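The values are calculated or read from the model by the stated rules, or taken from the named source; none is laboratory data. Just so it is clear, the structure is predicted and the values come from calculations on it, not from any experiment. Because the Cβ atoms are built from the backbone with ideal geometry, glycine has one as well, and the counts that use them run over all protein chains shown. The protein model used for the area step is the full one, side chains on, heavy atoms only, and it has no ligands, DNA or RNA in it. Shrake-Rupley method; radii C 1.70, N 1.55, O 1.52, S 1.80 Å.
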Amino acid sequence: TFFITFDPAITFVEADKRGEIYWDAMLANRVVRTGTTRPEVGDYEWTGNLQSLIDQIERKYEETGCAVPVAFDLETMGLFPWYGDKDILTSAWTCEAGRAYVVDHRWDSELKRKRLRSQVVWLLTSDKVRLWGANLKYDLIWVAVKWLIECLNFAFDTLIGGSLVDENRPNKLNHHAKVYTTMGGYD
């Protein structure tokens, strides 16, 4: 098996290639370790109820007395939340590596919508939660516009952090997914 990547000298003129070279090396390492290029996928559960996650956060908070880091991500219709015909499709939540709860927000009943909304409000406002995410500021704009919920426990946005660490590298979701996860990028 052969893998081909860029000449490392290209990074002097095209800084974004550093991430591509790094990803190529990680992919080659995956093949050596596992025999395949396929990513190691975690346990993702489709749910219409986030109470299990809230219970898990409550237990962790009781054990440590510290706010629990919770990762949050949205999938949306387009890039502009102010269009009336565009909406939030799904949200994903986790407080444990390798496990996530994914919610389809095209709700099918008023009762389910109210219960889920109260859970989302708790997750976005509780002092027991410290919210993290990749491009989280963008997702929170969608939450404010579409759900009229203001997040009160924002803790960290990886894209902002990445820009502070190295402003010369590409700080895009695709790059971060390649460098900081075992799953790879969007391409």
(1) outside any helix (DSSP H, G or I); (2) touching a Cys at 6+ places or on another chain (Cβ under 6 Å): which one isn't true of Tyr44, the others all being true? (2)
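Limited to the stretch 133-187, what total is found for residues that are polar (S, T, N, Q) and under 23 Å from Val41 (Cα atoms)? Spell out the reasoning first.
Taking the stretch 133-187 and keeping what is polar (S, T, N, Q), we get 135, 153, 158, 163, 168, 171, 174, 181-182.
Checking the rest, the ones that are also under 23 Å from Val41 (Cα atoms) come to 135, 158, 174, 181-182.
Total meeting the criteria: 5.
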All but one of (1) of a type outside the set (Phe, Trp, Tyr); (2) open to solvent by 50 Å² or more (accessible area, probe 1.4 Å); (3) part of a loop (DSSP other than H, G, I, E, B) hold for Ala15, so report the exception by its number. (2)
With the structure loaded, tell me whether Glu63 is of a type in the set (Asp, Glu) and part of a helix (DSSP H, G or I) or whether it fails that test. yes
Take the residues in the stretch 18-68 that are open to solvent by 70 Å² or more (accessible area, probe 1.4 Å) and in contact (Cβ under 8 Å) with a residue 24 or more places away in the chain, then tell me which one is farthest from the chain's Cα centre (by Cα). Arg18
Which residue, of Trp147, Trp122, Trp93, is modelled with pLDDT of 90 or more, of a type outside the set (D, E, K, R) and over 20 Å from Glu58 (Cβ atoms)? Trp147
Scanning the stretch 74-91 for residues that are of a type in the set (A, V, I, L, M) and surrounded by 16 or more Cβ atoms within 10 Å (Cβ to Cβ), the one nearest to Leu53 (Cα to Cα) turns out to be Leu74
